[in-house]
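Chemist: Right, I'll just put the structure down here and ask away after.
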Amino acid sequence: MQQVERAEPQDFERVLSSMCTVPHPAARQAAERFLATNPGDPGTYETVAELERRAVEQLGTVAGLADPAGYVTSGGTEANIQAVRIARNRADTDDPNVVAPESAHFSFRKAANVLDVELRTAPTTDHTADVDAMQELIDGDTVCVVGVAGSTEYGYVDPIPALADVAADAGALCHVDAAWGGFYLPFSDHEWHFDHADIDTLTIDPHKVGQAAVPAGGLLSHSPDLFDELAIDTPYLESTSQVTLTGTRSGAGVASAVAAMDALWPEGYRETYERAMDNAEWLAEALEVRGHEVVGPELPLVAADLSVPMTDELRDRGWRVSKTGSGEMRVVCMPHVTRSMLRSFVADLDWY
Ligand SMILES: *Cc1c(COP(=O)(O)O)cnc(C)c1O
């Protein structure tokens with residue numbers, strides 16, 4: 001306990017690597033108020049269960065879906081696992097596979113492992129899903145085709161309508177992973193959601209750009225029937241079945257997601273997007289004039305070919321930056337990342 005009292009939580013002053021951010025004040029307050037509630041037991045915790053329905057409504061609005069089915073997950077990982085689980089359970093095959101671009105988040109590897117499904121990944125072109133390459137991997141045992149709307153490494157958006165068509169032709173479900181991008185994309189020109197394409201399930205995380213407290217992810221579908229694929233009987237609860245992967249869940253996450261979306265949708269998120277995009281473009285330009293090769297920004301995320309020693313030096317100076325699989329430095333322009341932070345970051349680069 002004394003240990004905890006002495007420890008200071010991470011401040012965000014120099015954090016450029018995270019996909020999480022400072023929660024909105026209303027989200028923080030809601031999280032604290034609902035800390036001791038469990039939406040996994042809706043018969044007992046009715047208020048938070050009602051808030052969860054509200055959260056799903058709001059997430060549907062963000063993702064172009066009236067009357068959404070879904071729930072607040074522990075994060076994008078659980079949502080992706082559950083999407084693959086829906087696809088596997090509904091399909092009639094003993095040897096199911098999922099086809100995804102190689103840019104898909106590593107949570108799909110967990111899903112494949114846990115669910116005993118084969119994950120087939122296709123090479124990308126310009127960091128974006130290559131529809132032909134994915135088509136080549138699809139066969140009669142393909143249960144799900146994955147598209148990423150805002151990739152973790154580069155913030156790029158796959159051609160979702162084309163992937164949805166390919167999935168439909170194969171009789172597979174189309175799942176879109178907008179865990180990170182979901183609260184930036186509505187203000188961009190990208191086609192990514194239920195109203196743009198014939199998609200079946202979608203991951204969107206309030207605890208990333210949505211500015212809710214951790215843990216709050218989201219899984220949505222146009223059809224409650226798809227969630228029936230996940231239903232497990234719950235003998236001793238008042239509710240008779242459960243579709244979630246976890247049992248006891250965070251009421252704090254649920255309440256904070258509603259509070260954040262109430263406070264920010266749509267104008268607050270729009271302003272956040274515009275500021276983040278301006279910052280990302282400013283940083284990309286600053287890196288380019290210093291001779292670096294830059295990827296993006298397509299959404300507010302910039303990758304650049306800084307040398308590993310340079311990235312390590314920045315880390316020694318307290319900056320939290322991360323690397324892509326191919327070794328580029330990656331800066332995620334989250335809501336807490338300001339222009340003045342980026343100016344001092346670039347000043348440190350110049351010193352090096
Ligand atoms: C962050 C992320 C995930 C995983 O979400 P968690 O909330 O960390 O479990 C999945 N997909 C994408 C595209 C992400 O950026």
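Chemist: Accessible area per residue, 1.4 Å probe, Å², for the chain: what's the number?
Modeler: About 44 Å² of surface per residue is accessible.
Chemist: Provide the gained length on full extension for the span Arg33 to Asp198, in nm with one decimal, where the gain is 0.36 nm per separating residue minus the Cα-Cα distance.
Modeler: That pair, Arg33 and Asp198, stretches by 55.6 nm at full extension.
Chemist: Now a separate question. Rounded to the nearest 10 Å², what accessible area does Ser340 have for a 1.4 Å probe in the complete protein model?
Modeler: Accessible surface of Ser340 is approximately 80 Å².
Chemist: So, one more: Based on the mean of other Cβ atoms within 10 Å per residue, sort peptides 239-245, 277-283, 261-267, 52-58 so the most packed one is first.
Modeler: 52-58, 277-283, 261-267, 239-245
Chemist: Quick one: with all protein chains in place, what share of the accessible area of the stretch 25-264 is carbon or sulfur, to the nearest percent (1.4 Å probe)?
Modeler: Answer for the stretch 25-264 is 45 percent, counting heavy atoms of protein chains only.
Chemist: Can you tell me the relative contact order of the stretch 267-349? Whole percent, Cα pairs under 8 Å, sequence separation 6 or more.
Modeler: Relative contact order here is 30 percent.
Chemist: Helix-only mean residue ellipticity at 222 nm, the chain, DSSP H runs n ≥ 4 weighted -39,500 (n - 2.57), per residue, nearest 500. What is it?
Modeler: Here the helix-only value at 222 nm equals -12000 deg cm²/dmol.
Chemist: Right, next: Using a Förster distance of 25 Å, how high is the FRET efficiency between Glu13 and Arg109, based on the Cβ-Cβ distance and rounded to 0.05?
Modeler: Plugging the Cβ-Cβ distance into 1/(1 + (r/R0)^6) gives 0.15.
Chemist: Right, another one. Heads up, I need the accessible area for Ser256: 1.4 angstrom probe, whole protein in place, Å², nearest 10.
Modeler: 0 Å²
Chemist: Which value, in Å² rounded to 10, gives the accessible area of Met310 with a 1.4 Å probe and all protein chains present?
Modeler: Solvent-accessible area, nearest 10 Å²: 30 Å².
Chemist: Does a label point 7 Å from the Cα of Val22, set along Cα-to-beta-carbon, have any residues of the stretch 318-345 with amide nitrogen under 15 Å, and which are they?
Modeler: Only 334-342 pass the distance filter.
Chemist: Distance between Cα centroids, the stretch 186-207 to the stretch 1-59: provide it in whole Å.
Modeler: The distance from the Cα centre of the stretch 186-207 to that of the stretch 1-59 comes to 23 Å.
Chemist: Compute the distance from the alpha-carbon center of the stretch 287-343 to that of the stretch 83-147, in whole Å.
Modeler: For the stretch 287-343 versus the stretch 83-147, the Cα centre distance is 30 Å.
Chemist: Moving on. Mind ranking Tyr236, Tyr45, Tyr273, Tyr352 by accessible surface for me, highest first, 1.4 Å probe?
Modeler: Descending order: Tyr236, Tyr352, Tyr45, Tyr273.
The values are calculated or read from the model by the stated rules, or taken from the named source; none is laboratory data. Because the structure is a prediction, the values reported are computed rather than measured. Every residue, glycine among them, receives a Cβ derived from its backbone with ideal geometry; neighbour counts consider all protein chains shown. Remember, those area values only see protein heavy atoms, side chains included, never the ligands or the DNA or RNA. Shrake-Rupley method; radii C 1.70, N 1.55, O 1.52, S 1.80 Å.
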